[in-house]
């Protein structure tokens, strides 16, 4: 892997974090339940901190520390196939949120496997864990509010 490829991966992750910030800010404006709105704003703030940490990464020394070259990063696997629309139901928004968090969790876990530099690997492992916690938050909402009849 070359330094430009690693930089592209980091730039992709930064872009995804910004999309998450925008999504959760939009979602918090649509939710009428104050505790959920507050939690969505907290999640947006965490996503902003992810974006900022990624922006601060200096990849100039990492390209020699990548474990092995990656032929296919499967970036498309990390994309969400459905976009929010004004007429979406709460269930649809929760589904998108869960899938976004799952994709982010997988992205960071995969990046952690590529990096041998301990601080950078730990950063990606931490980001993966935080995204997993966000996914759990939305899964609990799904369980409590969508699966109420089950």
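The values are calculated or read from the model by the stated rules, or taken from the named source; none is laboratory data. This is a predicted model, so every value here is computed, not measured. Neighbour counts run over all protein chains shown; Cβ positions are idealised from the backbone, glycine included.
For the reader, a short list of remarks on this structure follows.
- Hits in segment 118-150 (condition: in contact (Cβ under 8 Å) with a residue 24 or more places away in the chain and touching a strand residue (DSSP E or B) at 6+ places or on another chain (Cβ under 9 Å)): 123
- Residue, farthest from residue 22 (Cα to Cα), within segment 107-140, restricted to residues that are over 18 Å from the mean Cα position of the chain (by Cα) and part of a helix (DSSP H, G or I): 118
- Options 14, 3; residue that is under 20 Å from residue 132 (Cα atoms) and either at pLDDT 85 or above or surrounded by fewer than 18 Cβ atoms within 10 Å (Cβ to Cβ) (or both): 14
- When residue 129 is tested against (1) touching a helix residue (DSSP H, G or I) at 6+ places or on another chain (Cβ under 6 Å); (2) modelled with pLDDT of 80 or more; (3) under 18 Å from residue 47 (Cα atoms), only condition (1) is not met.
- Segment 31-42, subset exposed (fewer than 13 other Cβ atoms within 10 Å of the Cβ) and in a helix (DSSP H, G or I), residue modelled with the highest pLDDT: 38
- Restricting attention to segment 50-60 and to residues that are in a helix (DSSP H, G or I) and modelled with pLDDT under 90, the residue that is farthest from residue 138 (Cα to Cα) turns out to be 60.
- Selection within segment 89-100 - free of Cβ contacts under 8 Å to residues at least 60 places away in the same chain and assigned to a helix (DSSP H, G or I): 90, 91, 92, 94, 95, 98, 99
Residues are listed down the side, and each one gets a yes or a no for (1) within 11 Å of the chain's Cα centre (by Cα); (2) in a helix (DSSP H, G or I); (3) closer than 19 Å to residue 128 by Cα; (4) modelled with pLDDT under 80:
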residue	(1), (2), (3), (4)
9	no, yes, yes, no
26	no, yes, no, no
29	no, yes, no, no
44	yes, yes, yes, no
48	yes, yes, yes, no
68	no, no, no, yes
71	no, no, no, yes
81	no, no, no, yes
105	yes, yes, yes, no
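- Selection from segment 19-58 of residues that are more than 14 Å from residue 127 (Cα to Cα) and touching a helix residue (DSSP H, G or I) at 6+ places or on another chain (Cβ under 6 Å): 21, 24, 25, 27, 28, 31, 37, 40, 41
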